[in-house]
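Q: Okay, handing you the structure first.
The values are calculated or read from the model by the stated rules, or taken from the named source; none is laboratory data. Not measured: the values here are computed from a predicted model. FYI the Cβ positions are ideal-geometry reconstructions off the backbone, even for glycines, and counts take in every protein chain you see.
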Amino acid sequence: MLVLGIESTCDETASAVVNNGTTILSNIISSQIELHQKYGGVVPELACRRHVDVIIPVIDEALKEANKQLSDIDLIAVAYGPGLIGALLIGLNTAKALSLALNKPFIGINHTEAHLYAAIMSYPHPVTFPCIGAVLSGGHTSLVLIKEIGQYELISQTVDDAVGEAFDKVAKMLDLPYPGGPQIEELAKKGDAKRFNFKSGFVKGHPLDFSFSGLKTAVLYALKGQNIQNENIVVISEELKQDISASFQQAALTDIVHKALAAATKYQCKTLIFGGGVTNNRRLRTLFDEARQEFTYIWPSMELTLDNAAMIAGLAYHQFIRKGHGDSLDLEPLARIPFTH
Ligand code: KG4
Ligand code: ZN
């Protein structure tokens with residue numbers, strides 16, 4: 001089954017052609033990073049306009065690279081949430097229009113769920129369920145029990161910022177360009193992770209939940225001292241940037257390692273599956289490898305860590321087979337989708 005995937009949840013316009021859920025024939029991503037960089041974050045209105053401009057060329061490119069025509073496609077898949085409503089509408093309406101024009105089924109896919117599927121489709125062996133899924137992105141930080149593809153139980157989530165969001169906000173404090181994750185990872189390589197004793201939050205009564213807002217404030221104090229109201233630009237030396245990056249990264253990532261492994265132990269799972277932009281971080285992967293050897297860790301391949309449409313098309317194959325039909329054309333975009341099925 002040849003699936004055309006479309007992704008426009010945030011600041012990437014993407015399209016991909018995937019065969020039978022795993023064979024990626026093309027995976028085209030048009031990133032808007034340069035458009036939003038000068039604002040220090042994604043500006044929804046600008047993101048929507050750019051999606052409108054590039055979505056058709058991106059789909060054309062995906063078909064061309066796969067050496068396929070629209071008439072070869074069996075199913076149109078699109079991320080219908082979670083994300084920015086305006087941005088979602090563009091992908092969703094494009095998918096509906098294609099579905100109508102081609103008389104082919106279309107299916108709406110949960111973007112967060114697809115991030116976890118990105119790891120499954122990168123893995124060359126069958127996955128043993130149940131396993132623990134860790135979604136670590138700019139918009140989400142959650143642990144889920146994956147009973148099988150499409151069947152999840154939410155275990156825990158962040159009570160404030162997502163981990164990628166914390167990376168981005170700390171990067172902003174350090175005057176680094178958006179998105180901050182890769183910048184912090186790079187600076188951290190040269191920094192002293194022990195210089196600041198930062199800690200991620202503990203949520204009373206919910207030990208597997210995440211909290212990164214206190215950690216973010218601790219970074220601010222380390223930068224400005226107690227004089228936190230100081231609006232003046234604080235001059236930050238390169239060495240301080242490196243040490244703060246290393247100490248912050250260590251605190252955020254070790255927290256994820258501890259909680260994910262605690263969840264695996266609690267739910268007696270031997271396999272952990274990871275998804276979302278923060279899985280791009282090499283240090284995170286190393287920390288898991290160092291932590292415990294008896295678990296199997298399944299990571300998305302590097303080209304599937306960030307937002308992409310291959311994961312949307314891949315997951316759609318399973319969803320379509322499970323449901324036995326596509327979605328109706330009145331499917332609405334959703335800014336938030338709870339992680340329960
Ligand atoms: O999954 P994604 O592309 O978008 C969402 O669905 O949110 O994730 C983007 C997030 C951003 O917050 C970005 O800073 C973070 O992933 N990120 C990283 C790294 N690369 C991207 N965080 C830490 N280390 C990285 N190398
Ligand atoms: Zn994403």
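Q: Picking from Leu208, Leu223, which residue would you name as being surrounded by 15 or more Cβ atoms within 10 Å (Cβ to Cβ) and modelled with pLDDT under 95?
A: Leu223
Q: From Leu92, Leu25, Leu100, which residue is outside any loop (DSSP other than H, G, I, E, B), touching a Pro at 6+ places or on another chain (Cβ under 7 Å) and farther than 14 Å from Asp307 by Cα?
A: Leu92
Q: Based on what the data block shows, is Thr254 of a type in the set (S, T, N, Q), under 25 Å from Phe202 (Cβ atoms) and either within 14 Å of ligand 1 (Cβ to nearest atom) or modelled with pLDDT of 95 or more (or both)?
A: In short, yes.
Q: Something else about it: Are there any strands (runs of 3 or more DSSP E) wholly within the stretch 105-185 with 3 or more residues that are among the β-branched types (Val, Ile, Thr) and in contact (Cβ under 8 Å) with a residue 60 or more places away in the chain, and if so which? Don't jump to the end; show me each part of the working.
A: On the way: elements: 106-110, 131-136, 141-148, 151-157.
By residue number, 141-148.
Q: Answer yes if at least one residue in the stretch 141-156 is surrounded by fewer than 17 Cβ atoms within 10 Å (Cβ to Cβ) and in contact with a Ser or Thr (Cβ under 6 Å, 6 or more places away or on another chain), and no otherwise.
A: Initially, the stretch 141-156 is screened for residues surrounded by fewer than 17 Cβ atoms within 10 Å (Cβ to Cβ), giving 147-148, 150-151, 153-154.
Checking which are in contact with a Ser or Thr (Cβ under 6 Å, 6 or more places away or on another chain) leaves us with 154.
So far as the stretch 141-156 goes, yes, one or more of its residues are surrounded by fewer than 17 Cβ atoms within 10 Å (Cβ to Cβ) and in contact with a Ser or Thr (Cβ under 6 Å, 6 or more places away or on another chain).
Q: Tally the residues that are in contact (Cβ under 8 Å) with a residue 24 or more places away in the chain and either part of a loop (DSSP other than H, G, I, E, B) or over 24 Å from Ala114 (Cα atoms) (or both), restricting the search to the stretch 40-63.
A: 4
Q: While we're looking at this one, here's another question. Looking only at residues that are out of contact with any Leu (no Cβ under 7 Å at 6 or more places or on another chain) and not β-branched (Val, Ile, Thr) in the stretch 107-120, which one is surrounded by the fewest Cβ atoms within 10 Å (Cβ to Cβ)?
A: Here the answer is Asn110.
Q: Here is a follow-up. Filter the stretch 266-284 down to the residues that are outside any loop (DSSP other than H, G, I, E, B) and more than 13 Å from ligand 1 (Cβ to nearest atom), then identify the one that is surrounded by the most Cβ atoms within 10 Å (Cβ to Cβ).
A: Filtering first and then ranking leaves Ile273.
Q: Can you tell which of Gly164, Gly138, Gly150, Gly181 is outside the structural domain of His51 (by TED's automatic domain parsing), at positive phi and either more than 16 Å from ligand 1 (Cβ to nearest atom) or under 14 Å from the mean Cα position of the chain (by Cα) (or both)?
A: Gly150
Q: May I pose another question? How many residues does the stretch 30-54 hold that are in contact with a Gly (Cβ under 7 Å, 6 or more places away or on another chain) and either among the aliphatic types (A, V, I, L, M) or not assigned by TED's automatic domain parsing to the domain that holds Thr94 (or both)?
A: Residues that pass the stated criteria total 0.
Q: Taking Lys172 as the residue in question, decide whether it is within 14 Å of ligand 1 (Cβ to nearest atom), surrounded by fewer than 19 Cβ atoms within 10 Å (Cβ to Cβ), more than 25 Å from Phe339 (Cα to Cα) and among the basic types (Lys, Arg).
A: Values: within 14 Å of ligand 1 (Cβ to nearest atom): yes; surrounded by fewer than 19 Cβ atoms within 10 Å (Cβ to Cβ): yes; more than 25 Å from Phe339 (Cα to Cα): yes; among the basic types (Lys, Arg): yes.
Judged against the criteria, Lys172 is a match.
Q: Restricting to the stretch 99-115, give me the number of residues that are more than 11 Å from ligand 1 (Cβ to nearest atom) and under 10 Å from the mean Cα position of the chain (by Cα).
A: Going residue by residue through the stretch 99-115, those that are more than 11 Å from ligand 1 (Cβ to nearest atom) are 99-110, 113.
Retained after the next criterion (residues that are under 10 Å from the mean Cα position of the chain (by Cα)): 113.
Selection size over the stretch 99-115: 1.
Q: Restricting to the stretch 290-311, name every residue that is touching a residue at least 24 places away in the same chain (Cβ under 8 Å) and among the charged types (D, E, K, R).
A: Matches in the stretch 290-311: Arg292, Glu294, Glu303, Asp307.
Q: What do you reckon, is Leu329 in a loop (DSSP other than H, G, I, E, B), away from ligand 2 (no atom under 16 Å from the Cβ) and more than 28 Å from Glu185 (Cα to Cα)?
A: Yes, satisfied.
Q: Does Tyr317 qualify as being at pLDDT 95 or above, within 14 Å of Tyr117 (Cα to Cα), of a type in the set (Ser, Thr, Tyr) and not in a helix (DSSP H, G or I)?
A: no
Q: Inside the stretch 285-308, can you point out the residues that are in a helix (DSSP H, G or I), within 16 Å of ligand 2 (Cβ to nearest atom) and among the aliphatic types (A, V, I, L, M)? Steps first, answer last, please.
A: In the first step, residues of the stretch 285-308 are kept if they are in a helix (DSSP H, G or I); the result is 285-291, 302-304.
Next, from what is left, pick out any that are within 16 Å of ligand 2 (Cβ to nearest atom): 302-304.
Result: Met302, Leu304.
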